[in-house]
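Visitor: Structure incoming, see below.
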Amino acid sequence: MPLIKTILKKVPALMLLTGAVVLLQSHAMNWWTQYDPATGWLWSLVIEAGAIWLWSSRSGLRNGIAVCATGLALIAPLYDLAGPVLDEQRTAQQSADTLSQRTQAARERITSLEASLAQYNANSQTRAGWYELIADTQRQLTAARQDLTDLQNESTAPAPAALSVYLPLGMQMLALCLLQCLVVLTTRTIFKTAPAGEPAAGRGGNSQPDLNIKPVKKTAAKTRLRAAA
C-alpha cells in the first residue's frame, strides 16, 4: 500500500511531464528535420530524453551536464517558433525598402508597352499580320497596369504595429521556457528519493524500537529456578 500511494502521488507530475514534452517536441522535431530529414526526429527525442535522465540524478556533475542538454533542447523549439515570424518581418522590410524602385520599374514597363502597342497599331493600318502581336502586347500591358496598382496599394497599406507582431511571439516563447522548466521540476519530483533518515516502505513507518518486547529467554530461566526451589 505505501508503494501504491507513492505512485499515485507522482501521477500528476508524470502527466504534466508528458504534456510538456509533447508540446516541446512538436516544435523541436520540425527544426531538427529541416537539417536532417532522415533522423532529425531521433536527434530531438534523444536530447530531450537525455536531459530528463540527467536531471533525474542527484549528482552535481550530471546536473551540470543536464543544464547544457536542457538549453540545447530548448533552442530548437524557440527557433522553430520565432524563425517564420522574423523571416516574414525581414521580407516585409525588404519589400518596403525596394517599393519605390519596383514602382518606377512598373511605370517604365507600361510606358514601353504603350509605345510598342501604338507602333503595332500604326503598322497594322498598312500591313496585315499584326493581330497576334497586338493582342499579346495588350495582355502584357494589362498585367503591367495591374502590377502598378498592386504596388500603389502596397504603399498605402499601413504596416502592422510592432506590438501586435512581437507580443504574441514573446508570449509563446515564454510559454516554451516555462514548459522546459516544468520538465525539469516534474522530473526531479518523479525521481525524488526518500531521505536517508526515513524508514523504508513496508515497515509501518515506525522507526522507534519496540520497548514492549519481553525478554522471553530470561523469563523462562527464572521460572525453572523457581520450580527447582
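Visitor: Using a 1.4 angstrom probe, figure out how much accessible area region 1-114 has per residue, in square angstrom, rounded to the nearest whole. Walk me through the numbers before you get to the answer.
Guide: Working: 7280 Å² over 114 residues.
Each residue of region 1-114 exposes 64 Å² on average to a 1.4 Å probe.
Visitor: Only loop residues by DSSP count here, and only those with at most 15 other Cβ atoms within 10 Å; note down the trypsin sites (Lys or Arg not before Pro) in region 1-89 that meet that.
Guide: Values: sites: K5, K9, K10, R58, R62; in loops: R58.
Loop-located and lightly packed - R58.
Visitor: Could I ask something else about it? How large a share of the accessible area of region 70-197, in percent, is made up of carbon and sulfur atoms when the probe is 1.4 Å and the other protein chains stay in place?
Guide: On the way: 5160 of 8450 Å².
On region 70-197, the fraction of accessible area on carbon and sulfur atoms equals 61 percent.
Visitor: Next question, about the same structure. Please list, or write none, the aspartates and glutamates whose alpha carbon is within less than 19 Å of the alpha carbon of K5, excluding same-chain residues fewer than 8 places away.
Guide: E198
Visitor: Please calculate the 1.4 Å probe accessible area of W31, with all protein chains present, and give it to the nearest 10 Å².
Guide: W31 exposes around 50 Å² with every protein chain in place.
Visitor: Output wanted: per-residue J couplings in Hz (rounded whole) for region 116-124, from phi through Karplus 6.51 cos²θ - 1.76 cosθ + 1.60, θ = phi - 60°, x for Gly and Pro.
Guide: Once θ is set to phi - 60°, the couplings for region 116-124 become 5, 5, 5, 5, 5, 5, 5, 5, 5 Hz.
Visitor: Here is a follow-up. Once the dipole of region 81-140 is set up with Lys and Arg at +1 and Asp and Glu at -1 on Cβ about the Cα centre, which of Q140, Q89, Y120 lies farthest towards its positive end?
Guide: Ranked along the dipole, the leading option is Y120.
The values are calculated or read from the model by the stated rules, or taken from the named source; none is laboratory data. This one's a predicted model, so the numbers in the text were calculated from it and none came from an experiment. Cβ coordinates were reconstructed from backbone atoms using ideal geometry, including for glycine residues, and neighbour counts include every protein chain displayed. Areas reflect the complete protein model, heavy atoms only, side chains present, ligands, DNA and RNA absent. Shrake-Rupley method; radii C 1.70, N 1.55, O 1.52, S 1.80 Å.
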